[in-house]
1. Are any residues in the stretch 90-119 part of a loop (DSSP other than H, G, I, E, B) and either at positive phi or of a type in the set (D, E, K, R) (or both), and if so, which ones?
2. Just one of the numbered conditions (1) modelled with pLDDT of 95 or more; (2) in a strand (DSSP E or B) is not true of residue 146; which one?
3. Considering only residues that are modelled with pLDDT under 85 and over 19 Å from the mean Cα position of the chain (by Cα), which ones fall in the stretch 152-200?
4. I'd like the full set of residues that are over 30 Å from residue 193 (Cα atoms) and under 19 Å from the mean Cα position of the chain (by Cα), limited to the stretch 97-135.
5. Limited to the stretch 148-158, what total is found for residues that are within 24 Å of residue 69 (Cβ to Cβ) and open to solvent by 10 Å² or more (accessible area, probe 1.4 Å)?
6. Looking at 133, 105 in this structure, which one is surrounded by 14 or more Cβ atoms within 10 Å (Cβ to Cβ), of a type in the set (Val, Ile, Thr) and closer than 17 Å to residue 78 by Cβ?
7. Going by the conditions given, is residue 122 in a loop (DSSP other than H, G, I, E, B), buried (at least 17 other Cβ atoms within 10 Å of the Cβ), out of contact with any helix residue (DSSP H, G or I) (no Cβ under 6 Å at 6 or more places or on another chain) and small (Gly, Ala, Ser)?
8. Quick test of your reading of the structure: residue 60 fulfils all but one of (1) charged (D, E, K, R); (2) modelled with pLDDT under 95; (3) over 18 Å from the mean Cα position of the chain (by Cα); (4) surrounded by 14 or more Cβ atoms within 10 Å (Cβ to Cβ). Name the failing condition by number.
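The values are calculated or read from the model by the stated rules, or taken from the named source; none is laboratory data. All of these numbers come straight from a predicted model, not from anything done at the bench. Cβ atoms come from the backbone with ideal geometry, glycine included; neighbour counts cover every protein chain shown. These area figures cover heavy atoms from the full protein model, side chains too; ligands, DNA and RNA do not enter into them. Shrake-Rupley method; radii C 1.70, N 1.55, O 1.52, S 1.80 Å.
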Amino acid sequence: MSHGQHNTPPFDKNKRHDVAVKNRRLTWVLLGGVLLMFGFCYMLIPFYEFICKKEGINGKSANSVTAMDPTMQVDYSRTIKVDLVTTLHGNLLFKFIPLQRHIEIHPGERKLVYFYAENRAGQEMTVQAIPSITPNDAARFLKKTECFCFTQQYFFDGQKADMPVYFFIEPTIPKEIKEVTLSYTLFDASAYVKKGKQFTKGRINL
């Protein structure tokens, strides 16, 4: 072997190979992480809706109809204050407010409230309202017999509507609970429209 020729020791070759393998592995892990985050963001709304429906966790009320027991007695000795709150998810161009900010209800009494929605997006849209009830202990006692949140709501451009919620609070609610907050977050559900458009239910304001 001439003095001008250098052979790479086997140890260095093995080391470089190990580094290359680790780099490739790291690249795949990072790529997988990016795809996972993208998939998570894409499925955020339906996943959130599924959890709210099935689990009722973190004060989220069950998103389903509850029949009111006709033999249920109204407890006139107690009054519970219900605060009605609304929020918009992201940059949703809607006006969304309760027509009453606060109401009072006796346990066992059925109440009707309306939420006003107006599409200001400049185009037709499908939205979905996700309910939340606090305190957490009150969530399982507040039941809805009718609610715009049960289905997606389709709005024409500029459409306005008063959307109803019929609900009651079971008389078995703990006596220490004297105030409940019922809130709704309105999401853009245009990318998740179910087959057959759900036209907006309630009083349409032209």
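1. The answer is 90, 101, 108, 109.
2. For residue 146, the failing item is (1).
3. 195, 196, 197, 199
4. 135
5. The first filter runs over the stretch 148-158 and keeps only residues within 24 Å of residue 69 (Cβ to Cβ), leaving 148-150.
Filter once more, so that each one left must be open to solvent by 10 Å² or more (accessible area, probe 1.4 Å): 150.
Total meeting the criteria: 1.
6. Details: 133 fails: closer than 17 Å to residue 78 by Cβ.
The unique qualifying residue is 105.
7. Values: in a loop (DSSP other than H, G, I, E, B): yes; buried (at least 17 other Cβ atoms within 10 Å of the Cβ): no; out of contact with any helix residue (DSSP H, G or I) (no Cβ under 6 Å at 6 or more places or on another chain): yes; small (Gly, Ala, Ser): yes.
So residue 122 does not fit the description; no.
8. (3)
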